[in-house]
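> I'd like to ask you about the structure that follows.
The values are calculated or read from the model by the stated rules, or taken from the named source; none is laboratory data. Keep in mind the model is a prediction, meaning the values are calculated, not measured. Cβ coordinates were reconstructed from backbone atoms using ideal geometry, including for glycine residues, and neighbour counts include every protein chain displayed.
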Amino acid sequence: MTEDAAAKADVLVDALPYIRRFWGKVVVVKYGGNAISGEDDDLARFAQDVVLMRSVGMRPVVVHGGGPQIGDLMQRLGKEPEFHEGLRVTDAETLDIARMVLVGKVNRDIVSAINVHGPLAVGLSGEDAGLITASARSPELGFVGDVENINIGIVERLLSQELIPVVATIGADVLGQSYNINADTAAGALAAAIGAEKLVYLTNIEGLRRDVDDPESLIRTVSADELAKLVAEGYFEGGMLPKVASCLMAVHAGVHQAHILDGRLPHALLLEIFTPEGIGTMVTA
Ligand code: ADP
Ligand code: MG
């Protein structure tokens with residue numbers, strides 16, 4: 001036997017405790033719009049990771065964003081973005097664009113990348129089978145929605161059929177009006193509703209930093225209480241805020257661990273799940 005083959009066997013044996021620990025457990029993975037917009041290989045590698053998780057007995061659920069992709073199409077259509085107190089105003093036309101991009105493009109791309117490995121992934125939006133009920137956040141923002149309720153039934157049914165649900169975060173209110181929902185918030189709410197073992201955010205930075213400009217200030221592990229204090233002290237800005245808030249919500253609701261990692265790092269998910277040291281930031285109750 002070659003040394004190379006022996007090293008491969010070692011890798012598998014080292015992964016064994018993690019495979020046993022996460023057997024049958026639900027892991028919700030939020031794949032950020034910024035992580036997706038990397039190289040094409042990134043999506044293929046992400047798909048491999050998800051399929052590997054599923055192949056060793058985990059039950060992954062993918063929730064994805066697509067902010068940059070929505071912005072790109074708006075620009076191509078010559079539509080001026082409009083902001084109200086830092087948040088994108090979503091008029092009826094913008095909502096149509098967001099829905100087309102998220103459900104018709106980003107969701108399809110992820111589903112196809114996974115299904116290269118077999119008939120595994122099923123794409124759905126929060127509108128399907130009443131998964132995400134939404135309500136308007138504020139009249140000024142138009143069709144920006146908050147999660148009102150999660151009806152996890154459809155996701156559980158897909159998981160029980162050994163499928164991998166891939167969720168685009170458009171929700172609908174009781175009258176059928178659609179809303180664009182922040183994917184970080186939706187991922188946290190979904191993880192809480194299903195009682196996930198882990199919630200993982202794949203983004204474009206290696207984890208939470210005490211100082212956003214200083215890579216040396218990475219926070220490796222943090223308790224929910226410590227994290228709430230850092231939030232109150234204003235350590236996090238912009239796109240990190242809904243992630244942090246959702247991590248806190250999810251661990252308070254019983255999700256064991258929430259993680260924030262750099263989705264552009266090849267096989268970030270595998271490094272987090274199958275190695276003792278993990279990567280990125282881990283939030284625990
Ligand atoms: P995604 O597409 O994954 O949702 P976002 O751009 O919305 O990505 O959120 C990630 C960004 O949050 C980072 O690129 C970073 O600029 C920003 N951020 C703000 N404060 C912090 C912090 N304290 N630590 C790490 N990132 C931070
Ligand atoms: Mg974001």
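> Condition first: small (G, A, S), within 14 Å of ligand 1 (Cβ to nearest atom) and either exposed (fewer than 14 other Cβ atoms within 10 Å of the Cβ) or over 14 Å from the mean Cα position of the chain (by Cα) (or both). Now tell me which residues in region 226-240 satisfy that.
Residues satisfying the conditions are A232, G234, G238.
> Go through region 1-40 and give me each residue that's within 30 Å of N182 (Cβ to Cβ), more than 16 Å from ligand 2 (Cβ to nearest atom) and free of Cβ contacts under 8 Å to residues at least 40 places away in the same chain.
G24, E39, D40
> Of everything in region 113-123, what is under 17 Å from the mean Cα position of the chain (by Cα) and not in a strand (DSSP E or B)? Give them in sequence order.
Residues satisfying the conditions are A113, I114.
> Here's another thing I want to ask about it. Can you spot a residue in region 38-49 that is under 21 Å from A187 (Cα atoms), aromatic (F, W, Y) and within 12 Å of ligand 1 (Cβ to nearest atom)?
The answer is no, given that none of the residues of region 38-49 is under 21 Å from A187 (Cα atoms), aromatic (F, W, Y) and within 12 Å of ligand 1 (Cβ to nearest atom).
> Okay, next question. Could you check, for region 69-85, whether at least one of its residues is in a strand (DSSP E or B), touching a Leu at 6+ places or on another chain (Cβ under 7 Å) and surrounded by 22 or more Cβ atoms within 10 Å (Cβ to Cβ)?
no
> Take the residues of region 173-192 that are crowded, with 18+ Cβ neighbours inside 10 Å and more than 15 Å from the chain's Cα centre (by Cα): which is nearest to ligand 2 (Cβ to nearest atom)?
In this case the residue turns out to be N180.
> Same structure, new question: Could you list, in sequence order, all residues of region 241-278 that are surrounded by fewer than 19 Cβ atoms within 10 Å (Cβ to Cβ), part of a loop (DSSP other than H, G, I, E, B) and at pLDDT 95 or above?
The answer is A253, G254, H256.
> Select from region 148-165 the residues that are surrounded by 23 or more Cβ atoms within 10 Å (Cβ to Cβ) and either of a type in the set (D, E) or within 12 Å of G126 (Cβ to Cβ) (or both) and list them in ascending order.
The answer is V155, P165.
> List the pairs whose first member sits in region 197-215 and is surrounded by fewer than 18 Cβ atoms within 10 Å (Cβ to Cβ), whose second member is of a type in the set (K, R), and whose Cβ atoms are under 9 Å apart, counting only residues at least 6 apart or on separate chains?
Every condition considered, the pairs that remain are N204/R264; P215/R209.
> Restricting attention to region 207-214, does a residue exist that is under 22 Å from N182 (Cα atoms), under 18 Å from the mean Cα position of the chain (by Cα), within 16 Å of ligand 2 (Cβ to nearest atom) and part of a loop (DSSP other than H, G, I, E, B)?
Yes; the residues of region 207-214 include at least one that is under 22 Å from N182 (Cα atoms), under 18 Å from the mean Cα position of the chain (by Cα), within 16 Å of ligand 2 (Cβ to nearest atom) and part of a loop (DSSP other than H, G, I, E, B).
> Further, regarding this structure: Please return the ranges of strands (runs of 3 or more DSSP E) entirely within region 124-181 where 3 or more residues are touching a helix residue (DSSP H, G or I) at 6+ places or on another chain (Cβ under 6 Å).
Here the list reads 164-168.
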